[in-house]
Amino acid sequence: MDGAGLAHGDGLVEGDALVDALLEEELRQAAAVLDPVPDALRQLALDAYALHDLDARIAELTFDSLVDALPVRGVTDAPRMLTFRAGEVTVDVEVTDDGLIGQVLPPRSARIEVLGGPQTAAPVAVDTLGRFTSDTPPAGPFALRLRTGAEVIVTEWLRA
């Protein structure tokens, strides 16, 4: 070899890396079809991921409009309303096709992250009244992680 196709000092041929990536993707797709991960195992993995903050308190779901609300005749595309509670802290969330809108009560200084599995958490700003918005709708399972000073609160995981 003349070295023209070598990557910077790692000894790999650039074409080999692309072939490896394509083969890996083909194998992932084949495994998803031929041996899919059972839903119960997937849920266990998501629950375990939520507990990586061992000191975090879990905010339990106390209201879900898909389950607890009475249907309104003529309304077909109502946003999903969720309420989580951890001790004195309540988090109200509205899930729409455009993203999340919510409020932390009582209002407090907080940082919120929208968790979506093993992906990097998406930070969301909280104003002085405890309100927050996210322009990215959750795709698949999601949870919220609230950091209020020394306290960390993680909501239950839900499907959007």
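If R0 equals 41 Å, the separation of the Cβ atoms of ARG159 and ALA17 corresponds to a calculated FRET efficiency of about 0.70.
Each of VAL104, VAL152, VAL37 has its accessible area taken with a 1.4 Å probe; listed largest first, they run VAL37, VAL152, VAL104. In the context of the full protein assembly, LEU44 retains an accessible surface of approximately 110 Å², using a probe radius of 1.4 Å and ignoring ligands and nucleic acids.
Taking all protein chains together and a probe of 1.4 Å, list ARG80, ARG111, ARG147 from the most accessible to the least accessible. Spell out each step's value before the answer.
Details: ARG80 35, ARG111 145, ARG147 65 Å².
Heavy-atom accessible area, descending, gives ARG111, ARG147, ARG80.
Rolling a 1.4 Å probe over the protein heavy atoms leaves ASP68 with an accessible area of roughly 80 Å². Amide H to amide H distances under 5 Å link GLY140 with ALA160, where only residues 5 or more positions off or on other chains count and H is placed in the peptide plane. Computed over protein heavy atoms with a 1.4 angstrom probe, the accessible surface ordering of THR136, THR128, THR90, largest first, is THR128, THR136, THR90.
The values are calculated or read from the model by the stated rules, or taken from the named source; none is laboratory data. Please read all numbers here as calculations on a predicted model, not as lab measurements. So basically every Cβ, Gly included, is an ideal-geometry build from the backbone, and we count neighbours across all protein chains shown. For accessibility, only protein heavy atoms count, side chains too; no ligands or nucleic acids. Shrake-Rupley method; radii C 1.70, N 1.55, O 1.52, S 1.80 Å.
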